[in-house]
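Just so it is clear, none of the values below were taken in a lab; they were calculated from the coordinates. Computed from a prediction, not measured in an experiment: that's the story for all the values here. Virtual Cβ from ideal backbone geometry, glycine too; neighbours counted across all protein chains shown.
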Amino acid sequence: MVLTKDELIGALTHEVQVLRHLLTKIDAEAVNYRPTPKQRSSIEVVRYLVVQGPVLTTAIKTGTFDGAAWGAAQAAAEQADLAGLDAMLATQPAMYAEQLGAMTDEDFRGTIQLFGGPMSRGLHFVTLVLANYAAYRTQLFCYLKLCGREELGTANLWQGRDPKPAA
């Protein structure tokens, strides 16, 4: 195993914490920012991330993607403002601990086919859920920088905290 179950839960929890930190940096100017008309806005990126983790976790566990469940989760996220999205995100670490914690090593090694070729559930968690958090939070970070948040730096993006003041 490259990652233990506890390491995966910890990594997903960390991603949620970083995203929640970045949410605190979204102001009125940045909330609807989108670099081009066809790209998601800042709040749409957050809404996607609120939905993807829980719905994909269920899909990976069951081996079947439920489009109706995705649509229902997306509809709920679309009704939420940033505070509501943050409240939804706040529930995700416990969900990961419960859902992934209940899985056995054999469950993680089991092969399923969701999007593309067959692979293990564990690899799906890494390449879909964990990678989506990292990719889309980076996109959100770039949006914030493009909106003039020059004070944001590496610590904001990777550690989910403001940088330490210069001595």
Worksheet item: Relative to the longest principal Cα axis of the chain, at what angle does helix 67-78 sit, 0 to 90 degrees, rounded to 10?
Response: 20 degrees
Worksheet entry | Cβ charges +1 (Lys, Arg) and -1 (Asp, Glu), total dipole of the range 121-167, debye | 160 debye
Item to complete: Would you mind classifying the range 46-112 by shape? Square roots of the alpha carbon gyration tensor eigenvalues, ordered a ≥ b ≥ c; an a/c under 1.5 is rounded, otherwise it is prolate if a/b is larger than b/c and oblate if not.
Response: oblate
Discussion item. Suppose every Lys and Arg Cβ carries +1 and every Asp and Glu Cβ carries -1, with no other charges. What dipole size does the chain come out with about its Cα centre, to the nearest 20 debye?
Written reply: 360 debye
Worksheet item: What is the helix-to-structure angle for 5-23, meaning the angle in degrees between its Cα long axis and the longest Cα principal axis of the chain, kept from 0 to 90 and rounded to the nearest 10?
Response: 20 degrees
Response to the item:
HN-Hα couplings for the range 148-153 via Karplus (6.51, -1.76, 1.60; θ = phi - 60°), in whole Hz with x for Gly/Pro, come out as x, 7, 5, 6, 6, x
Practice prompt. Determine, from the Cβ-Cβ distance of D162 and L123 and an R0 of 30 Å, the FRET efficiency 1/(1 + (r/R0)^6), rounded to the nearest 0.05.
Written response: 0.30
Response to the item:
Quick calc: nm separation of the 7 Å Cα→Cβ label points for N132 and A87 -> 2.3 nm
Worksheet entry | Where only C-alpha atoms are counted, convex hull volume of the range 1-72 per residue in Å³ | 129 Å³
Discussion item. Taking the Cα centroid of the range 20-50 and of the range 86-144, what is the distance between the two, rounded to the nearest whole Å?
Written reply: 21 Å
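Considering only Cα-Cα distances, which of the following residue pairs are longer than 22 Å: K25/K164; K5/K25; K38/K61; K38/K145?
K5/K25; K38/K61
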Worksheet entry | Charge dipole of the range 1-87 about the Cα centre (unit charges at C-beta), most positive-ward option of G10, L22, W70 | W70
Discussion item. Quick check: the angle from helix 42-62's long axis to the longest principal axis of the chain, C-alpha only, nearest 10 degrees?
Written reply: 10 degrees
Discussion item. Which of rounded, prolate or oblate describes the range 114-167 when judged by the alpha-carbon gyration tensor and an a/c cut-off of 1.5?
Written reply: oblate
Discussion item. Residue by residue through the range 27-33, what is 3J(HN,Hα) from phi via Karplus (6.51 cos²θ - 1.76 cosθ + 1.60, θ = phi - 60°)? Round to whole Hz and write x for glycine and proline.
Written reply: 10, 4, 6, 8, 4, 10, 5
